Amino acid sequence: MESKLIVIKGDITKLNVDAIVNAANHSLLGGGGVDGAIHRAAGRELYEECKTLGGCNTGDAKITKGYKLPAKYVIHTVGPIYGREGGNEADLLANCYKNSLTLAVAHNVRTIAFPSISTGAYGYPIETASKIAVTTVKNFLDEKKGYVEKVYFVTFSDTDFKIYQNLLLSL
Ligand code: ADP
């Protein structure tokens with residue numbers, strides 16, 4: 001059977017999928033890393049819509065349109081800051097993936113791409129964060145069959161790519 005979970009290396013803003021996920025911050029008004037790249041590529045209208053959302057709590061997710069992006073939607077989720085969440089980092093990171101996928105299903109999203117949430121500026125070690133990402137997504141798809149068809153894990157470095165690739169091969 002063709003795999004539903006796929007790792008790729010590249011720029012998430014270029015992907016022609018139904019939704020891309022943004023590793024945002026509480027304000028939802030843009031920042032560095034993947035967040036900055038998504039806002040630059042989507043344009044000013046994304047910022048204007050984000051201003052109406054009232055921010056987002058860690059582990060939660062909110063959806064907007066994709067504007068100038070090839071993707072129809074952006075799902076904004078706020079990852080945990082490693083070492084600053086009172087030991088709840090793993091649960092909060094899993095919530096980012098679950099809540100993003102729940103929103104995706106509610107909006108009929110069939111193809112979705114995730115960046116490696118929290119593993120940049122927020123400092124989550126890639127080895128543990130990627131395991132949480134892959135197992136949480138796999139469990140969600142197993143429970144909710146027939147909705148989301150493809151989930152892309154978008155990595156930005158060769159090291160991250162290999163880590164995700166090994167995880168997916170071991171499933
Ligand atoms: P966080 O604040 O959640 O840690 P970052 O944006 O700092 O988020 O980093 C998350 C991951 O996204 C890092 O692995 C970073 O290299 C990667 N990244 C940065 N820009 C892009 C992009 N355009 N497409 C995909 N991944 C990206």
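Both the radius of gyration and Dmax for the stretch 18-171 are 14.4, 42 Å, in that order, over alpha-carbon atoms.
Take the chain, connect every pair of alpha-carbon atoms lying under 10 Å apart with a spring to form a Gaussian network, then pick out the residue of PHE161, PHE153, PHE114 with the largest mean-square fluctuation. Highest fluctuation of the listed residues: PHE161.
Largest mean-square fluctuation among GLY32, GLY86, GLY146, in a Gaussian network model of the chain whose springs join Cα atoms under 10 Å apart, belongs to GLY86. By the rule of a C-alpha distance below 16 Å, with chain neighbours fewer than 8 residues away ignored, the lysines paired with LYS131 are LYS98, LYS162.
Can you tell me the mean projection area, over all orientations, of the convex hull of the stretch 107-171's alpha carbons? Units nm², please.
Details: hull surface 19.0 nm².
Averaged projected area of the stretch 107-171's Cα convex hull equals 4.7 nm².
Surface composition of the chain: carbon and sulfur atoms hold 51% of the protein heavy-atom accessible area at a 1.4 Å probe. For the stretch 1-112, the antiparallel share of DSSP beta bridges with both residues in that region comes to about 40%. For the stretch 75-127, the Stokes-Einstein estimate of translational diffusion at 25 °C and a viscosity of 0.890 mPa s comes to 209 µm²/s, using the Kirkwood hydrodynamic radius over alpha-carbon pairs. Just add up the charged neighbours of ILE163: K/R +1, D/E -1, any other residue whose Cβ is under 14 Å from the Cβ of ILE163. So the surrounding residues net to 0.
Using the empirical formula 2.2 N^0.38 Å as the baseline, the Cα radius of gyration of the stretch 40-105 reaches a ratio of 1.21. Within the assembled protein chains, the solvent-accessible surface assigned to LYS138 is about 70 Å², based on a 1.4 Å probe.
Given a 1.4 Å probe, how much area per residue of the chain is accessible, in Å²?
Values: 8400 Å² over 171 residues.
I get 49 Å² per residue for the chain.
The values are calculated or read from the model by the stated rules, or taken from the named source; none is laboratory data. Nothing here was measured: the structure is a model prediction, and the numbers come from that model. Please note: Cβ atoms are built from the backbone with ideal geometry, for glycine as well, and neighbour counts cover all protein chains shown. Surface areas here come from the heavy atoms of the whole protein model, side chains and all, with no ligands, DNA or RNA. Shrake-Rupley method; radii C 1.70, N 1.55, O 1.52, S 1.80 Å.
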